[in-house]
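Read the structure below first, then the notes.
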Amino acid sequence: MLKQVKFWARRLINFLGFDLIRLKSSNAEFPRLLLNVLDAYDIDCVIDVGANAGQYGRFLREIGFEGHIVSFEPVSTVFTVLEQQSAADEKWSCHKLALGDRNETKTINVYKSTVFSSFLNANDYSKKIWESLQDLTLETVRVVRLEDVFQELVGSLGCRNCMLKLDTQGYDKLAFEGAKGCLGRVRALQSELSLIPVYDGMIEVYEVLKEYNGSGFFISGMYPINRDESLAVIEYDCVMVKRESQAEQPR
């Protein structure tokens, strides 16, 4: 009965032109771990890549983070909302940019549910789960390497210890590769990992983890974001920490 109610409720929401999705993990342990990491590694800046309409930035403030937030979001419609959300927060800056492994101009797929906007095409599997992926528009956006803009947009704020949060819908590894030159200031990492690919041409999750681990980041916690009808986990929020020098035994 409950399953039928959920089905028809979602059908009604879709009919009205919206979609119902989970924006972040509902696991109560997730914010607790994140706060521990932010405190233990003296994080004074969170680099919020794939900020969408500011959901993650608001979440950080809700759990008590008081440092700088530097958000990157390339899609025009949601960037406007992001600017409005952050306008009253002196420590929250926003930039209409995508991050990648090279500086270029690129076409992004903007889906009705803009949290799924990606440089990759949604595959048949994900379109069956999220009906809003059937509708899309294209937008040309500017892509930069984080290492090329880090000093201007982050370092100039006086930040010493950063956390890099990546939610780029299949592009996290490439965004990470473009950050290699500034990883010395990044002490923690959060990345959305797809165990079941939801876009065509996604880089295998194990290859992504190998890239992170090769740069000194180790898993601190993994939290399911969503599951399909089989109850298999589709995506995880993965929090990682850098085990080096004084970071090996955080305060």
* Is the range 132-150 home to any residue that is modelled with pLDDT under 95 and of a type in the set (A, V, I, L, M)? -> yes
* Structure fact -> Picking from 174, 231, the residue that is of a type in the set (A, V, I, L, M, F, W, C), surrounded by fewer than 16 Cβ atoms within 10 Å (Cβ to Cβ) and either modelled with pLDDT under 95 or within 19 Å of residue 102 (Cα to Cα) (or both) would be 231
* Restricted to the range 182-221, and to residues that are surrounded by fewer than 20 Cβ atoms within 10 Å (Cβ to Cβ) and aromatic (Phe, Trp, Tyr), which residue is nearest to residue 130 (Cα to Cα)? -> 206
* **Options 218, 176; residue that is out of contact with any Asp or Glu (no Cβ under 8 Å at 6 or more places or on another chain) and within 23 Å of residue 60 (Cα to Cα)** => 218
* Kindly provide the set of residues from the range 79-113 that are β-branched (Val, Ile, Thr) and either in contact with a Pro (Cβ under 9 Å, 6 or more places away or on another chain) or surrounded by fewer than 19 Cβ atoms within 10 Å (Cβ to Cβ) (or both), ordered by number. => 80, 81, 105, 107, 108
* Structure fact -> Going through the range 39-64 in order, the residues found to be assigned to a loop (DSSP other than H, G, I, E, B) and under 22 Å from residue 182 (Cα atoms) are 41, 42, 43, 44, 50, 51
* Do you know which residues across the range 221-248 are of a type in the set (D, E, K, R), under 23 Å from residue 56 (Cβ atoms) and touching a residue at least 40 places away in the same chain (Cβ under 8 Å)? -> 235, 237, 242
* For residues that are out of contact with any Leu (no Cβ under 7 Å at 6 or more places or on another chain) and of a type in the set (A, V, I, L, M), scanning just the range 49-78, find the one that is surrounded by the fewest Cβ atoms within 10 Å (Cβ to Cβ). => 78
* To do: Just give me the residues in the range 154-163 being of a type in the set (A, V, I, L, M) and buried (at least 18 other Cβ atoms within 10 Å of the Cβ), in sequence order.
  => 154, 163
* Positions within the range 86-116 being modelled with pLDDT under 95 and either part of a helix (DSSP H, G or I) or under 18 Å from residue 176 (Cα atoms) (or both), in sequence order -> 114, 115, 116
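The values are calculated or read from the model by the stated rules, or taken from the named source; none is laboratory data. Because the structure is a prediction, the values reported are computed rather than measured. Neighbour counts run over all protein chains shown; Cβ positions are idealised from the backbone, glycine included.
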